[in-house]
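Participant: Provided herewith is a single structure, encoded as structure tokens, for subsequent inquiry.
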Amino acid sequence: MSKTAVLEIEGKKYEFPLEVGSEKELAIDIKQLRGATNGVTTIDPGFKNTGSCKSAITFLDGEQGILRYRGYAIEDLAEKASFLEVSYLLIFGELPTKVQLDKFEQDIKDQSLVDEDVHKILDAFPKNAHPMGVLSSLTSALTAFNPKSVEYSSADDMYKAIVMLMGKFPVLVSWCMRKMKGLPLDFGDVDLGYEENFAMMMFKRPNKQYKASKVVLDALDKLLILHADHEQNCSTSTVRIVGSSHAGLFASISAGISALWGPLHGGANQAVIEMLEAIKNDGGDYEKYIAKAKDKNDPFRLMGFGHRVYKNFDPRAKIIKVAAEQVLNDLGIEDPVLDVAKGLSDVALNDEYFKSRNLYPNVDFYSGIIYRALGIPVEMFTVLFAMGRLPGWIAQWKEMRENKEPIGRPRQLYVGEPLRPYVSIENR
Ligand code: SDX
């Protein structure tokens, strides 16, 4: 029996199809709403109740704290897969065979050289430029150096743009950090694996051989996997809507980077560490900051807490919390900020204000502690988030284009002035 939803408007009933998802979620298909009701639309600021698309990439259950990429549990992937394997899974829908993964990696290596003139654009930025702005600009600039990457008359064209971005993006990410640290840029080494090459480009010093330790590689790999996709979040929705106008892949991802930059979104990982540092420097006075977070007259929010979808522990935060303790232990680092994080979350998780609003630590609450342990500057934390999210953005953009989705163009409810006559300036 087909499922429908009935809407009654001013005494008249309208039926709309009910779509059922793979996990038995229900969605009212309102594609015909405006036409059937002579112009009635919906209002949903922040799209908290609105599905923008059907997607087969990532499944979240915010109440249960479940996250799966293409049906695989995030806990399994973080533990057993590599970031490149997860990237392949997200983009192409299946875990790769060894032959498929090797070809994907080789195709990426073949496209990983960044044009020397992109270097000149980087040089033009002031040294203290925020690296998210630099990364967004350099990513968009890739279009100028690869104009054919914009139009996709075939699956091969799209594949080439994808491996080009997967190859060049890590180089640009490492350049952002190396510029901040005053280090010479590194173009990578195609003889290294994807993850090893990224670590080398990020951490190699010009005066010393570099060999990434297993601790560093495992920590980076896990963090990148945990950030790889998260269904229709703010930056992914940005990538999809920009791509829906048939702007190229690089321009769409550049827009996603800008959306991720915001402190309410990916920028929270930088804001968390700055907050924890402030609490540590304030004598570890959690109560003061918890009170500020609860005070409606105070714009301060507990960064790294709360989530649009998770009304339970963010499963990624659970994994990262364990990994943070392990990395600090393996590297023999005592970071008092981790103690502040643990103390703060213990107090908040037992406070009625946070409990009643289902506010729990999210992915950003602990990730910065690992980035710090790896010697990554705090301004680079969100850039690392973007590096992890790249395959998810690509997968979502590819799905949107392959599904031939229409250009995104939401409606509104106009609440402005009715028609009124123009008044010349002398009479105003
Ligand atoms: C990411 O969407 C994704 O999937 C994002 C992400 C991904 O992987 O792409 O998971 C990554 O962005 C994680 C979130 C990182 N942001 C932060 O940590 C910033 C701090 N958190 C918040 O600003 C907030 O929780 C949001 C933005 C994350 C979610 O906001 P919502 O869903 O719009 O919730 P809301 O603002 O309506 O808050 C509901 C209530 C409000 O109180 P009341 O008006 O009901 O009294 O909870 C309060 C809020 O004031 N609240 C907080 C709070 N978060 C929500 N109060 C204090 N501190 C907080 N952090």
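Participant: Given the conditions (1) more than 12 Å from PRO315 (Cβ to Cβ); (2) surrounded by 11 or more Cβ atoms within 10 Å (Cβ to Cβ), and given that ARG68 satisfies all but one, which numbered condition is not satisfied?
Facilitator: Here ARG68 meets the rest and fails (1).
Participant: Something else: Across segment 94-108, what is the total count of residues that are within 24 Å of the chain's Cα centre (by Cα) and in a helix (DSSP H, G or I)?
Facilitator: Qualifying residue count, segment 94-108: 4.
Participant: With the requirement that a residue be open to solvent by less than 10 Å² (accessible area, probe 1.4 Å) and either of a type in the set (Val, Ile, Thr) or touching a Gly at 6+ places or on another chain (Cβ under 8 Å) (or both), what does segment 231-243 give you? It would help to see each step written out before you state the result.
Facilitator: Pass one, segment 231-243, residues open to solvent by less than 10 Å² (accessible area, probe 1.4 Å): 235-236, 239, 243.
Result: SER235, THR236, VAL239.
Participant: State whether the residues of segment 171-184 include one that is of a type outside the set (A, V, I, L, M, F, W, C) and under 14 Å from ASP110 (Cβ atoms).
Facilitator: no
Participant: Please go through (1) in a loop (DSSP other than H, G, I, E, B); (2) within 15 Å of the ligand (Cβ to nearest atom); (3) touching a helix residue (DSSP H, G or I) at 6+ places or on another chain (Cβ under 9 Å); (4) of a type in the set (A, V, I, L, M, F, W, C) for ILE376 and return the number of the only condition it doesn't satisfy.
Facilitator: (2)
Residue-by-condition table, conditions (1) within 12 Å of the ligand (Cβ to nearest atom); (2) open to solvent by less than 40 Å² (accessible area, probe 1.4 Å); (3) in a loop (DSSP other than H, G, I, E, B); (4) over 23 Å from ARG372 (Cα atoms):
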residue: ALA255; (1), (2), (3), (4): no, yes, no, yes
residue: MET275; (1), (2), (3), (4): yes, yes, no, no
residue: LYS288; (1), (2), (3), (4): no, no, no, yes
residue: LYS292; (1), (2), (3), (4): yes, no, no, yes
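Participant: Between a first residue in segment 310-321 that is under 17 Å from ASN269 (Cα atoms) and within 9 Å of the ligand (Cβ to nearest atom) and a second residue that is hydrophobic (A, V, I, L, M, F, W, C) and open to solvent by less than 10 Å² (accessible area, probe 1.4 Å), which pairs have beta carbons less than 7 Å apart while being 6 or more apart in sequence or on different chains?
Facilitator: Close Cβ pairs satisfying both conditions: ASP314/VAL363; ARG316/LEU67; ARG316/ILE74; ARG316/LEU226; ARG316/VAL363.
Participant: LYS109 versus (1) more than 16 Å from the ligand (Cβ to nearest atom); (2) closer than 24 Å to LEU260 by Cβ; (3) surrounded by 16 or more Cβ atoms within 10 Å (Cβ to Cβ): which is the lone unmet condition?
Facilitator: (2)
The values are calculated or read from the model by the stated rules, or taken from the named source; none is laboratory data. Remember, predicted model here, so these are calculated numbers, not experimental data. Here the Cβ is made from the backbone with ideal geometry for all residues, glycine too, and neighbour counts use every protein chain on show. For accessibility, only protein heavy atoms count, side chains too; no ligands or nucleic acids. Shrake-Rupley method; radii C 1.70, N 1.55, O 1.52, S 1.80 Å.
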